[in-house]
Amino acid sequence: MSNAIWLFLALPNWYISTIADPLGAGPLTAIPAFGTICLFIGITVGLIQRAWELKWFFLPAIASQLFVAVAGALRGELFDESSQPALLSFIVFQIILAGYLIYRVGEARLAAVALAIFSVTYALFAAFIAGMSFNDTWL
């Protein structure tokens, strides 16, 4: 249980901290850094346009948090490729959800696209962390 809490709290910190050194580990940190920039753009544009329907973009982030918490609870329980179907299903679900949310937003498409990019990059980062946790193999 402590691993679930640890990963739940560490994921946002690790993700946002990539903005300090976007190329520190190559694409591994460049992708979340780009997603962080998109998060700030999406929030800023959404607030300027007063597009309150963008609040639904919290759902993909919450799903990523919960997925990582489950991976923390199952730390070391899945070996080799046995975690791949869960990881791929999670990523596909997040991409479909982000596309649907862009479709549902009316006039704040720029903000929605920026928040969707954040959601997908956050999900990819969460899947990367979850994969390490499932296999208990850390970089």
Worksheet item: Of all residues in the range 82-134, how many are of a type in the set (Gly, Ala, Ser), over 12 Å from the mean Cα position of the chain (by Cα) and farther than 19 Å from Ile41 by Cα?
Response: 6
Worksheet item: In the range 41-53, is there at least one residue being aliphatic (A, V, I, L, M), free of Cβ contacts under 8 Å to residues at least 40 places away in the same chain, assigned to a helix (DSSP H, G or I) and within 16 Å of Ala123 (Cβ to Cβ)?
Response: no
Item to complete: Examine the range 71-84 for a residue that is at pLDDT 90 or above and in contact with a helix residue (DSSP H, G or I) (Cβ under 6 Å, 6 or more places away or on another chain), and state whether such a residue exists.
Response: no
Discussion item. Within the range 43-60, take every residue that is crowded, with 19+ Cβ neighbours inside 10 Å and closer than 17 Å to Ile95 by Cα and give me the one that is modelled with the highest pLDDT.
Written reply: Pro60
Response to the item:
Residue hits (the range 1-40; in contact (Cβ under 8 Å) with a residue 60 or more places away in the chain, surrounded by 12 or more Cβ atoms within 10 Å (Cβ to Cβ) and in a loop (DSSP other than H, G, I, E, B)) are none
Discussion item. Cβ-Cβ distance below 8 Å, separation of 6 or more or different chains: which pairs start in the range 71-83 with a residue that is over 13 Å from Ala4 (Cα atoms) and end on one that is among the hydrophobic types (A, V, I, L, M, F, W, C) and in a loop (DSSP other than H, G, I, E, B)?
Written reply: none
Worksheet entry | Identity of the residue in the range 92-112, touching a residue at least 60 places away in the same chain (Cβ under 8 Å) and closer than 23 Å to Ile16 by Cα, that ends up surrounded by the fewest Cβ atoms within 10 Å (Cβ to Cβ) | Leu110
Discussion item. Please go through the range 39-79 and give me each residue that is among the hydrophobic types (A, V, I, L, M, F, W, C), within 29 Å of Gly106 (Cβ to Cβ) and over 12 Å from the mean Cα position of the chain (by Cα), ordered by number.
Written reply: Phe40, Ile41, Ile43, Val45, Leu47, Ile48, Ala51, Trp52, Leu54, Trp56
Discussion item. Return the residues of the range 1-29 that are farther than 18 Å from Ala71 by Cβ and either more than 14 Å from the chain's Cα centre (by Cα) or not hydrophobic (A, V, I, L, M, F, W, C) (or both); say none if nothing qualifies.
Written reply: Ser17, Thr18, Ile19, Ala20, Asp21, Pro22, Leu23, Gly24, Ala25, Gly26, Pro27, Thr29
Item to complete: Could you tell me whether any residue of the range 61-76 is surrounded by fewer than 20 Cβ atoms within 10 Å (Cβ to Cβ) and either touching a His at 6+ places or on another chain (Cβ under 7 Å) or of a type in the set (Ser, Thr, Tyr) (or both)?
Response: no
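The values are calculated or read from the model by the stated rules, or taken from the named source; none is laboratory data. Bear in mind the structure is a predicted one, so any value in this text is a computation, not a measurement. Neighbour counts are summed over all protein chains in view; Cβ atoms, including those assigned to glycine, are modelled from backbone coordinates with ideal geometry.
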